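Just so it is clear, none of the values below were taken in a lab; they were calculated from the coordinates. Because the structure is a prediction, the values reported are computed rather than measured. For neighbour counting, all protein chains shown are included, and Cβ atoms are generated from backbone atoms with ideal geometry for every residue, glycine included.
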Amino acid sequence: MSASRLYVVIPCAGSGSRAGGALPKQYQRIAGRPMVEHTLEAFRALPGTFAGLALVVAPADSEVGAVLPRFPAPGEHLLRVGGATRAASVRNGLRALRDLGAGAHDWVLVHDAARCLVTPSQIEALIAACQHDAVGGLLAHRLADTLKVASPEGRVASTPTRADKWLAQTPQMFRLGILLDALERSGDTVTDEASAIEAIGLAPLLVPGSAQNFKLTQAEDFALAEAVLRSRRSVP
């Protein structure tokens with residue numbers, strides 16, 4: 001257990017069509033830098049923590065070299081094994097990490113490239129909470145808004161309690177062997193790693209995250225992310 005290493009996998013193979021723009025959303029600029037560069041910097045700010053950091057891109061990705069000319073640095077890997085779905089990209093990335101020497105008992109933190117507002121302290125909090133846990137876990141944020149369930153006609157069908165509801169975030173941290181097995185069993189239907197882990201009968205740990213650790217999806221999300229990043233720069 002004490003010899004387990006930590007790896008990072010960042011799926012970066014999506015097109016981000018809902019965000020608009022000429023480039024995939026992960027390569028569009030926010031606060032003067034490509035979105036994915038902000039994401040990478042949060043993990044690079046913890047030197048010595050990770051045995052390897054892997055960016056998973058589509059095999060035919062022709063933009064990553066121009067967007068990230070200094071990637072990969074030592075200890076980083078550009079994996080051109082991205083799939084048609086997020087689950088496929090993560091699954092292929094885990095296999096590639098295994099081929100590079102990562103072991104089944106090593107921990108892997110999977111993080112969305114489009115969650116560029118994650119902070120080093122949030123990453124450290126996840127690691128501290130999960131590194132001695134039997135299952136692993138994920139950053140998540142308690143639901144603050146009232147939740148509605150819609151009918152087929154687009155009307156309110158019910159209002160479930162929000163007391164036990166959380167919004168799943170990333171990173172999500174699990175043992176490589178268990179996570180790869182879970183993803184291979186679940187196929188491409190799951191939208192996050194915790195869902196695959198749940199499907200094999202395990203209960204991931206919920207680690208409090210932050211409302212700022214949201215996933216950029218729509219065009220309007222970029223302006224909010226820009227404001228957050230610029231406000232952080234202005235803090236002494």
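Structural remarks
- Sequence-distant residues sharing a close amide H with residue 8 (under 5 Å, placed H): 52, 53, 54, 109
- Excluding same-chain neighbours fewer than eight residues apart, the lysines reachable from residue 215 by a Cα-Cα span under 19 Å are 25, 165.
- The chain: translational diffusion in µm²/s, Stokes-Einstein, Kirkwood Rh over Cα pairs, 37 °C, 0.692 mPa s: 178
- A helix-only calculation puts the chain at -9000 deg cm²/dmol for mean residue ellipticity at 222 nm, using -39500 (n - 2.57) for each DSSP H run of at least four residues, averaged over all residues.
- Amide proton proximity set for residue 169, modelled H, under 5 Å, gap of 5+: 139, 140, 141
- Computed label-point distance, nm, for sites residue 163 and residue 33 using a 7 Å Cα→Cβ extension: 4.3
- Considering only the Cα atoms of the range 20-80, their convex hull presents on average a projected area of 4.5 nm².
- Hull shadow area, averaged, the range 80-140 [alpha-carbon convex hull, nm²]: 5.1
- Under the membrane-span-like helix rule (DSSP H runs whose alpha carbons stretch at least 27 Å along the helix axis, mean Kyte-Doolittle hydropathy 0.5 or higher), the chain yields none.
- Dimensionless Rg/Rh of the range 138-236 - Kirkwood Rh, Rg from C-alpha atoms: 1.05
- Of every Cα-Cα pair in the range 32-125, the percent that sits beyond 20 Å: 36
- Karplus-derived HN-Hα couplings along the range 60-69 (A = 6.51, B = -1.76, C = 1.60, θ = phi - 60°), whole Hz, x at Gly and Pro: 9, 4, 9, 9, 4, x, 6, 6, 10, x
- Positive minus negative residues near residue 203 (Lys, Arg vs Asp, Glu; Cβ under 14 Å): -4
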